[in-house]
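Each remark here refers to the structure printed beneath this line.
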Amino acid sequence: MELIRGVHNLRARHRGCVATIGNFDGIHLGHRAIIRQVTAKAKTLAVPSAVMVFEPQPREFFAPEDAPARLMTFREKVEILAELGLDRVLCVKFDQRFCSQSAREFCENILIQGMGVQHLVVGDDFRFGNDRAGDFRFLQKMGAANGFSVENTHTFEWHGERVSSTRVRECLESSDFDSASVMLCRPFFMSGRVIHGQKLGRTIGVPTANLLPKRVRTPVTGVFAVEVRGLGDVQQGVANLGTRPTLGGEQVRLEVHLLDFKGDLYGKHLRVMFRHKIRDEKKFDGLDALTKAIHQDIETAKHFFAKPKAKGN
């Protein structure tokens, strides 16, 4: 899969594709249905399939303090999109210059001249352009005049409700990781490279791998039973996602203790999959109380992993 960073990097060879546009945060069942529409049509037309995404996401640009917590970083999004068999991802920088374009300019500059779109898949509630004139009917008119067709996306429902990034976040907030996993087609995860921390865990017999979530806000916080990929076999562990209030921390970190692993983890890129919430993060009365709680968390995680899992979990 080819990643194109910015409209300015579109070349003549990129003209001609079937495309869709969106945030694709989480890449849930609904997103995957759209991607199947795109790849199927691209195969029929014998042209590449493409997804256009934005960085930052529009709500993060317009109202960062009110933007929803991200389900995935840009890197994680690109990794999953590549796994789904797309040919190209165009990442558009969402800034004031981009926002100043009218709906017509967006179509002419990016969809027609830049990408040479032959077929576009979007929702019928899709709006764009600084004049908000861009909608599904506008795209149909532009397509009819410029030789590309436009197709509506299909609403994807699970248990009678529309699958959306918001619904996934609500499941995570209520610690319903099983439902979130179904809608995401995988466990919710965070990934990153292991960095050096305070190394306090070593002194209490609980060494941890430290990762930076790289999000303004995280959709979950607390202590969790997790599974970790990136070290060969899947490893089980306990993770704390938060600011570590007992230690006076301010920056949000993801600290993972692996239950049955010994070795140097620095520099490793890990994918931490959240399986079960053990408790909320809290401030303890000193290091001894924190140490006792951590060892209890480890036992809770071991008990969770020892239980027979329902089919599909």
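The values are calculated or read from the model by the stated rules, or taken from the named source; none is laboratory data. The model shown is predicted, which means the values in this text are computed figures rather than measured ones. Note that we place each Cβ from the backbone using ideal geometry, even for glycine, and neighbour counts take in every protein chain shown.
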- Task: Specify the residue that is farthest from the chain's Cα centre (by Cα); the eligible residues are those in region 74-95 that are surrounded by fewer than 17 Cβ atoms within 10 Å (Cβ to Cβ) and not in a strand (DSSP E or B).
- Result: Asp95
- Message: Looking for something in a helix (DSSP H, G or I), charged (D, E, K, R) and either within 17 Å of Ala69 (Cα to Cα) or without any contact (Cβ under 8 Å) to a residue 60 or more places away in the chain (or both) - is there at least one such residue anywhere in region 202-209?
- Response: yes
- Query: Which of the following residues is in contact (Cβ under 8 Å) with a residue 24 or more places away in the chain, among the small types (Gly, Ala, Ser) and either closer than 25 Å to Phe177 by Cα or in a strand (DSSP E or B) (or both): Ala19, Ala42?
  - Reply: Ala19
- Message: Restricting to region 154-173, and then to whatever is hydroxyl-bearing (Ser, Thr, Tyr) and out of contact with any Asp or Glu (no Cβ under 8 Å at 6 or more places or on another chain), can you tell me which residue is farthest from Ala69 (Cα to Cα)?
- Response: Thr155
- Query: Restricting attention to region 22-39, which residues are farther than 15 Å from Val121 by Cβ and part of a helix (DSSP H, G or I)?
  - Reply: Leu29
- Note on the structure: Of Glu60, Glu65, the only residue that is over 15 Å from Leu86 (Cβ atoms), of a type in the set (Asp, Glu), outside any loop (DSSP other than H, G, I, E, B) and outside the structural domain of Lys214 (by TED's automatic domain parsing) is Glu60
- Is one or more of the residues making up region 120-135 basic (Lys, Arg) and either at positive phi or outside any loop (DSSP other than H, G, I, E, B) (or both)? yes
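Yes/no per residue for (1) surrounded by fewer than 16 Cβ atoms within 10 Å (Cβ to Cβ); (2) of a type in the set (A, V, I, L, M); (3) over 25 Å from Gln296 (Cβ atoms); (4) in contact with a Pro (Cβ under 9 Å, 6 or more places away or on another chain):
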| residue | (1), (2), (3), (4) |
| --- | --- |
| Asp131 | yes, no, yes, no |
| Asp135 | no, no, yes, no |
| Arg169 | no, no, yes, yes |
| Asp176 | yes, no, no, no |
| Ser179 | no, no, yes, no |
| His196 | yes, no, yes, no |
